[in-house]
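My structure is below; once you've seen it, I'll send some questions.
The values are calculated or read from the model by the stated rules, or taken from the named source; none is laboratory data. All figures in this text were calculated on a predicted structure; none of them were measured in a lab. Quick reminder, even Gly has a Cβ in these numbers, built from the backbone with ideal geometry, and neighbours come from all protein chains shown. Heads up: the accessible areas ignore ligands, DNA and RNA and are worked out on the full protein's heavy atoms, side chains in. Shrake-Rupley method; radii C 1.70, N 1.55, O 1.52, S 1.80 Å.
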Amino acid sequence: MNFFNLLQSLDELLYEVMSWLVFYPITLWRTLTRPLQMMDYSDSEQGDASDQQYTDTLSPPLFLLLSLILVHAAEIALVGNDAVVASKVGLSAFVSNNTDLIMLRIVMYSLFPVLMATRMVRAQKLQVNRDTLRAPFYSQCYVAAVLAMLLGGAVILIKLAHGWSVLAGFGLAVFGLLWFGFLQTVWFNQHLKCGRLRALGHASRAMVESLIAMFLLSSLFN
């Protein structure tokens, strides 16, 4: 009986993993072409039963995770392992392999969704708890995944250390942050029904908090 249960579990796992080959490109294309609509889509999916959520796309956290894995794979292929993996100084000793590094980067890039979501909940004068934070956090993971790909691509270009690649890397990073900031301003504007200047203030504050938190966390491992 246990053997058949194991086979069934493996069957479900194989199907789930292979379905990512279909739904990851779909989710990526929709997020690239209609980021705000995908955030609204995520909000609406939160009202469905758990087994009926995100049936035609990847769930936002999974999309973020797979995006970081793809960027990490590209980094290894083009520039080799990150120096954090080889370093044994300070907290870097806890990052002994690429799996640990991916987990660290998941935490780092998840700072954007969680701080944006927290800023939204507070701006709505709601109590910050698991229920109120979940929907905005999930919706933010979609655009945070694209931001992670843009910034990750920028880091790869800079590490290539060619004149053109360094300039392209910095340009890509600036573009990614401006793109993300613009989306956040529109997002706050739509959900808070406030003026654009106030929405820009909320978006800017959350972005600055996210970047500072990300910088402080990364500095602990360098």
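Taking interchain pairs and intrachain pairs at least six residues apart, which have beta carbon atoms under 7 angstrom, with the first residue in segment 152-167 and under 17 Å from Arg105 (Cβ atoms) and open to solvent by 50 Å² or more (accessible area, probe 1.4 Å) and the second modelled with pLDDT under 90 and hydrophobic (A, V, I, L, M, F, W, C)?
Going by the 7 Å Cβ cut-off, the qualifying pairs are Lys159/Val79.
Is one or more of the residues making up segment 49-72 surrounded by 15 or more Cβ atoms within 10 Å (Cβ to Cβ), among the aromatic types (Phe, Trp, Tyr) and either assigned to a loop (DSSP other than H, G, I, E, B) or free of Cβ contacts under 8 Å to residues at least 12 places away in the same chain (or both)?
For segment 49-72, residues surrounded by 15 or more Cβ atoms within 10 Å (Cβ to Cβ), among the aromatic types (Phe, Trp, Tyr) and either assigned to a loop (DSSP other than H, G, I, E, B) or free of Cβ contacts under 8 Å to residues at least 12 places away in the same chain (or both): present.
Could you go through segment 131-138 and let me know if any residue there is outside any loop (DSSP other than H, G, I, E, B), at pLDDT 95 or above and closer than 30 Å to Ile76 by Cα.
There is at least one residue in segment 131-138 that is outside any loop (DSSP other than H, G, I, E, B), at pLDDT 95 or above and closer than 30 Å to Ile76 by Cα.
Another question about this same structure. On the basis of being among the polar types (S, T, N, Q), at pLDDT 90 or above and open to solvent by less than 30 Å² (accessible area, probe 1.4 Å), does Ser92 make the cut? Outline the logic, then answer.
Details: among the polar types (S, T, N, Q): yes; at pLDDT 90 or above: no; open to solvent by less than 30 Å² (accessible area, probe 1.4 Å): yes.
Considered against the rule, which asks whether it is among the polar types (S, T, N, Q), at pLDDT 90 or above and open to solvent by less than 30 Å² (accessible area, probe 1.4 Å), Ser92 comes out as no.
Could you tell me which of the residues Ala154, Ala144, Ala206 is assigned to a helix (DSSP H, G or I), in contact with a Phe, Trp or Tyr (Cβ under 6 Å, 6 or more places away or on another chain) and under 27 Å from Thr33 (Cβ atoms)? Give the steps one after another, and end with the answer.
Numbers: Ala154 fails: in contact with a Phe, Trp or Tyr (Cβ under 6 Å, 6 or more places away or on another chain); Ala206 fails: in contact with a Phe, Trp or Tyr (Cβ under 6 Å, 6 or more places away or on another chain).
The match here is Ala144.
Please go through segment 186-197 and pick out each residue that is out of contact with any Gly (no Cβ under 9 Å at 6 or more places or on another chain) and in a helix (DSSP H, G or I).
Those that are out of contact with any Gly (no Cβ under 9 Å at 6 or more places or on another chain) and in a helix (DSSP H, G or I): Val186, Trp187, Gln190, His191, Leu192, Arg196, Leu197.
Of the residues that sit in segment 1-48 and are outside any helix (DSSP H, G or I) and at pLDDT below 95, which one is least open to solvent (accessible area, probe 1.4 Å)?
Gln46
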